[in-house]
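What follows is a set of notes on a single structure, which appears directly below.
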Amino acid sequence: MMFDAICTACAAVNKTPSHYEGMSIKCVKCSGNFVAIHSMDKLFKFHCSSCGGRIEAKEKLRGKTAPCPHCKKIVPVGDYTQDTKPLNENLIDPNAMNSPLPERGGSITSKLKRAITKMFGG
């Protein structure tokens, strides 16, 4: 039996044998790898616990293991993070460099400038 698997990169419909469900396959249009799932099933996004790559998977695969389409390692599906932001955006606040410090006030940038000036003159 065949099903339509939708490529997560280019949205092309790939006619796929049912025994490939849940496996990483190559798209016939863009040649990118994606996990073959029934297009009508609910998808969720998570990041690979090995390489941090963003992955889409079918809800029924949550908690199982599957190969990451990016690094090819076998990883738990949905165990690392459900946030769809890149991992570095989750860890670093771009506004933090100009935020006032709670204990003394002033921005981190101005404190760094003062410290550098004190160390090297100028």
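Each reported figure results from applying straightforward, stated rules to the coordinates on display, with no laboratory input. No experiment lies behind these values; they were computed from the predicted model shown. Every residue, glycine among them, receives a Cβ derived from its backbone with ideal geometry; neighbour counts consider all protein chains shown.
Listed values, structure above:
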| quantity | calculated |
| --- | --- |
| Estimated inter-spin distance, ARG114 and LYS64, nm [label 7 Å along Cα→Cβ] | 5.9 nm |
| Under-5 Å amide H pairs with VAL75, H placed in peptide plane, nonlocal only | ALA66, CYS68 |
| For PHE46, PHE3, PHE120, order by how many other beta-carbon atoms lie within 10 Å, fewest first | PHE120, PHE3, PHE46 |
| Likely footprinting exposure, THR16, THR117, fewest C-beta neighbours within 10 Å first | THR117, THR16 |
